[in-house]
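Some notes on the structure that comes next.
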Amino acid sequence: MRGRGLRGVGLGLLIACFALTLGPGPGAVQPVGGGARVEIREGDPPLVALTFDDGPRSTTTGRLLEGLALREVPATFFLVGERIAGNEELIREMASQGHQIGVHTFDHVRVTELSRREFDLQVSKTRALLTDILGLGDYWLRPPYGIVDNSVEQWADGPLILWSVDPEDWKDKHTDRIVAAVTGQVKDGDIILMHDIYYTSVDAALRIVDELLGRGYCFVTVEQLMALRGVQPEKGALYTALVPGDI
């Protein structure tokens with residue numbers, strides 16, 4: 001993730017979204033992950049991070065990437081290690097388009113039920129696969145089901161990324177309901193949870209993007225959201241949303 005945050009398809013959109021937020025002066029746009037401090041003022045564009053779990057899946061994830069590229073919108077993908085083999089080119093495309101990539105364990109297991117050795121295998125093996133494909137990076141962890149305990153917080157070796165908006169898109173796979181569930185409650189600083197392995201979720205995600213862009217929202221990766229809100233990610237810390245008044 002280092003060095004990729006502000007590159008790719010989302011750069012032009014980010015510059016437009018944050019021209020007022022970042023203010024004038026040289027060096028205002030900093031590489032994401034560098035601890036940029038940004039003053040949030042009334043009237044700045046609302047930010048939202050769209051995130052996807054359980055992929056990659058060649059058909060659905062590929063179609064999603066095409067739709068996001070057309071809209072110049074970055075997202076964050078938490079990948080399952082066992083799905084990586086055979087999808088290496090898709091993951092390279094994901095990174096080249098400026099999306100953030102993280103880890104969702106190797107087998108999509110409850111990390112609170114693992115020993116330290118099992119945890120390290122689930123997380124480190126997936127990070128190693130991503131490193132082989134993309135090079136060195138932080139590859140933050142989203143624990144499956146959002147379940148953590150003190151041990152997981154100590155072992156994570158990075159921030160733990162949860163969410164604040166969950167339309168449960170896996171439950172009934174009803175596109176209209178998913179769209180309404182997100183657009184009816186989303187607010188500035190939210191992290192939206194979706195899954196890129198369902199066709200209905202891809203359809204819903206692109207409709208959500210169109211709706212929120214029309215409302216003036218700016219889409220960012222989780223890493224970009226932290227940097228633009230002046231939050232330095234901490235190992236073992238849980239992040240669900242970055243609402244201006246709560247930071």
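Points worth noting:
- Modelled spin labels at R63 and A128, positioned 7 Å past Cα toward Cβ, are 3.5 nm from each other.
- Annotation: amide H of D157 within the under-5 Å range of G236, sequence separation 5 or more or interchain, hydrogens built in the peptide plane.
- In percent, rounded to a whole number, the relative contact order of region 106-164 is 42, using alpha-carbon pairs under 8 Å and six or more apart.
- If R0 is taken as 22 Å, the Cβ-Cβ distance between R71 and D166 corresponds to a FRET efficiency of 0.50.
- Proximal lysines relative to K173, as straight alpha-carbon distance under 25 Å, when same-chain residues fewer than 8 apart are discounted: K187
- Rounded to the nearest 0.05, the FRET efficiency derived from the C-beta distance between S151 and V243 at R0 = 41 Å is 0.90.
- Classified by the C-alpha gyration tensor, region 141-247 has an oblate form. Its axis ratio a/c, with a ≥ b ≥ c, is 1.5 or above, and a/b does not exceed b/c.
Taken together, the values in this text are just the output of simple stated rules run on the coordinates, not laboratory data. Just so you know, these numbers come straight off a predicted model, no measurement behind them. All Cβ positions, even for glycine, are placed from backbone atoms using ideal geometry, and neighbour counts span all protein chains on display.
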